[in-house]
1. Rounded to the nearest 0.05, what FRET efficiency do M451 and D517 have when you use their Cβ-Cβ distance and R0 = 35 Å?
2. For segment 163-258, what's the relative contact order in percent, using C-alpha pairs closer than 8 Å and at least 6 residues apart?
3. Could you name the lysines in cross-link range of K19, using Cα to Cα under 21 Å and dropping any fewer than eight places away on the same chain?
4. Round to the nearest 0.05 the FRET efficiency obtained for R264 and F204 when R0 = 45 Å and r is the Cβ-Cβ distance.
5. Hey, any idea what the orientation-averaged projected area of the convex hull of the chain's Cα atoms comes to, in nm²?
6. To the nearest 0.05, what FRET efficiency results for E573 and Y236 with a Förster distance of 51 Å applied to their C-beta separation?
7. From the phi angles alone, apply the Karplus equation (6.51, -1.76, 1.60; θ = phi - 60°) to segment 100-116 and give each ³J(HN,Hα) in whole Hz, x where the residue is Gly or Pro.
8. How high is the relative contact order of segment 443-619? Use alpha-carbon pairs under 8 Å, at least six apart in sequence, and give a whole percent.
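Bear in mind these aren't lab numbers, they're just calculated from the coordinates by the rules spelled out. Predicted model only: the values in this text are computed from it and were never measured. FYI the Cβ positions are ideal-geometry reconstructions off the backbone, even for glycines, and counts take in every protein chain you see.
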Amino acid sequence: MKMEDSVQFVRGVGEKRAKTFEKLGIKTVSDLLYHLPRDYEDRSDIKNICDLIDGEKVCILGRITALPRSFRSKNGLMVTQATVSDGTGIMKITWFNAKYIENQLRGDREFVFFGEATYRGRNAEMVNPVVEKYDGGGKKTGRIVPIYPLCAGISQYMLRSAIENAIENLEDKIPNTVPEKIAKKCALLDTEKAMREIHFPEDFDSFKRAKYSLAFEELLVMQTGIQILKGDRKNYTAEPFSDVKCIGELAKSLPFELTGAQKRVINEICADLKKNVPMNRLVQGDVGSGKTVVAAAAMFSAVRSGYQGAMIAPTEILAKQHYKSFTKMFENMGVKVALLVGGKSKGKTIVLEKIASGEIDIVVGTHAVLTANVNFKNLALAVTDEQHRFGVKQRATLTEKGKNVHTLVMTATPIPRTLSLILYGDLDVSVIDELPPGRKEVQTFAVGENMRARVNKFIASKIAEGRQVYIVCPLVEESELLTAKAAVEYAESLKAGSFKNYNIDVIHGKMKAKEKDAVMERFSKGETDILVSTTVIEVGVDVPNATVMVIENAERFGLSQLHQLRGRIRRGEHEAFCIMFNKSSGEIAKERMKIMQETNDGFKISEKDLLLRGPGEFFGVRQHGLPELKIANLAEDMEILKMAQMASEEIIGEDKTLSRPENKNLKNRVMRKYEEVGGRGILN
Ligand code: ADP
Ligand code: MG
C-alpha cells in the first residue's frame, strides 16, 4: 500500500466505509495518517485494586471470579454484573444495556478493565468500563489511547485500527520531508517514527517529540513556500518611479499635518518605488490611523511618474468613499480619478475606454476592477484595501493587469507583529502605529439587560446634544438573510417603542448597493438619528458625528470584529461611547468584554483574539491565502515557527529551486501544499 492509495484498500475499511471516511476529509492513506488525534487518554497505568483512589480513571488487570449475570432493573435497563479479583482485592463491575459483554468475559484468563473507579462504602466499583482480553498488552487499554475527531458511522475503534493497519502495511517508508542535515540539527524524529508516536504514543515525552517533529515539518513546508514566493519576486523588474518628491506637494495641500507614523510609512513606500524591483508591502494600521492618505501618496507618485494606479476595496460603499477622498485630494493636482463598480451603468463603457487609453490616471473600485474587460494603458501601482477580505489569487489578478506592478496592501486587522513578519515573509511590513492627534479613546462598557433603561436614556441625551447613534444587531446563525430580517424587525420595534420620536434607518447586507448608499448618505448628512445595522458598517465609512455605538448580543462577535465596529465611532472630535450588551456568562465572552473595556489598542486586541479564538480560525486559508495547518499551532508553536523559518532560509539560500536530491521530498510537499491555495506552480 502506498500513501497516495485510496483509503478503501486499508484492511478493514472497504468501499462502503471509505465513503463515510470521506466525510472526515479522508480519501487517501495519507489523509488517514494525517487525521490526528484531538486528544489522548492515558490508559497505561495499571493499578492494584487495593490501591485505588475514589474517582480516578485507571486500568485494572484481573480475572472474573463469579460468572457475569444479567437482569432487568426496575426501570427497564438491562444490567450486567461481574466481580473481578486481581489478588489484592475485589471489584464489582456493572454494565448497562450491554448484555453481549457476558460472552466477551468467558474463559479462565486475564482481562483489563479501564474506567473510573469509585467506592461504595469499602467496596470498589466500576461502571461501564472498557474491557479487553489481556495478552501482555492491548489495543484499547494498557497504553495511551488516541481520541480522534469522528463523524456518524465511524467509531474510535474503527479509526484506530484503520490507522494502525495503514501504518503496518505501508510498502515504503513514509518519506522524510525535512532534509537530513536540518533534521539532525533540530533533533527531529524520523517522520515514520513520529507518525507512529503521534497516533500511538509510548509515553507523553515521546508524543511531545513526535508532535514537535511533525509541526516543524509542516511549518518548514509553509515557510519554504513563502521564501520561494519572495525570492521569485526578486527576479522581476519594475519601472522605478521617477518622481516621488511630488508627495511633498500633496502633503502641503492637505487640511492636516501628516502624523509621524504616516510620514515614516510613506518614506518606506517611496524607497520601494524608486527601486527597479516591484514593491510588495503590507501597511498595517488600526482603524482611523489614516491609511487612505498613505495610499494616495503612492498613487500621486505613480501618476507624476507617468503611470496609472488602481485601488480595490471589498465593498461598494468603501470604494465610493475612497473615490470621494481621492477626488477631493487630487482636485487641483491635475489627476483624473474614476470609480469602477459592478453592474451596468451609463458611462461605464466610456470609463473603460479612458482607462485603456490612459486618460484616467487612477481607478478606484471593487472586484469589478479585476474583471477581464478592464485594461490599463500602463498600470504600475496596485493598492488593495482591507486585504484580509481578498485572497492571494485576487491580489495576483490585479497585479497581472500591468507589467511587474508595485503592490501595496492595506489592512486594519493587525496581526501580532512577530507573526506578521513570519507569515507575511513574502511581504514587507509597515506599521502606522499612531493615530491623528486629538483622537480620544472610545469609552467602552459591557452591560446586561438590567441596564437597558439607563442606556436608552443615555442614547436620548446624546441625540439631544446633536450626536448620532449606531445600533448593531446580532448575527443570526450564519444566515445573511435572517440577520437582515432581524435588523429590519429591530428597527421597527424601536420606531414603535422607546425611540418613536426619532429618525431611525436600517442598513444590512441584503440591500441593493443603491439603497445602502442612500441610507449612508442620509446618515452622514445627519438626517438620521439612529442607524440600525448589521456588520455591514464594519469596514470603512466615516461619519464623525456618530459617537455612540450600541452592540446587541456582543457575545456573538469576535474580538477583532468588535474592535472594528467600535472603530466607526473614533473619528470625530467628540467623546465616543461603545455599549456592548452581553447575554452570555461564558468565560470567553466575559474575557472579550473585559479586553474591550481595558484597551483601544488594535494590536493588543488582535493578540488576545488569537489566543481566545485559536489560530485555526484566525489564520484561515480564506483570510490569508496560506496553506492550512493541521498539526502546528501558530499561537503555541512560535519557537518552532522561528526555527522553521531559519531552516527554510538556509535551504533556499543553498538551493533556490530545490533541485538537489536531498530537497526532493520537500519540493514535492511545497508544490502540493501551495497548489491547494492557488499558489499556482510556485516551483515550475
Ligand atoms: P483608515 O486607516 O481607517 O483607513 P482613514 O484613512 O479613513 O483611516 O482616515 C480616517 C480619518 O482621519 C479621515 O477622515 C482622514 O481624513 C483623517 N486623517 C488622516 N490622517 C490624518 C492626520 N494626519 N491628521 C488628521 N486627520 C487625519
Ligand atoms: Mg480605510
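1. Working: r = 34 Å, r/R0 = 0.98.
Given R0 = 35 Å and the Cβ-Cβ separation, E is 0.55.
2. Details: 40 pairs, mean separation 18.2, N = 96.
Averaging sequence separation for qualifying contacts and normalising by length gives 19 percent for segment 163-258.
3. Result set, ordered by chain and number: K2, K27.
4. Values: r = 48 Å, r/R0 = 1.07.
Calculated value: 0.40.
5. Numbers: hull surface 152.2 nm².
Averaged projected area of the chain's Cα convex hull equals 38.0 nm².
6. Details: r = 45 Å, r/R0 = 0.89.
With R0 = 51 Å, the Cβ-Cβ based efficiency is 0.65.
7. Taking θ as phi minus 60°, the curve returns 4, 4, 3, 5, 5, 9, 6, x, 8, 7, 8, 10, 10, 10, 10, x, 8 Hz for segment 100-116.
8. Values: 276 pairs, mean separation 48.6, N = 177.
The normalised contact order for segment 443-619 reaches 27 percent.
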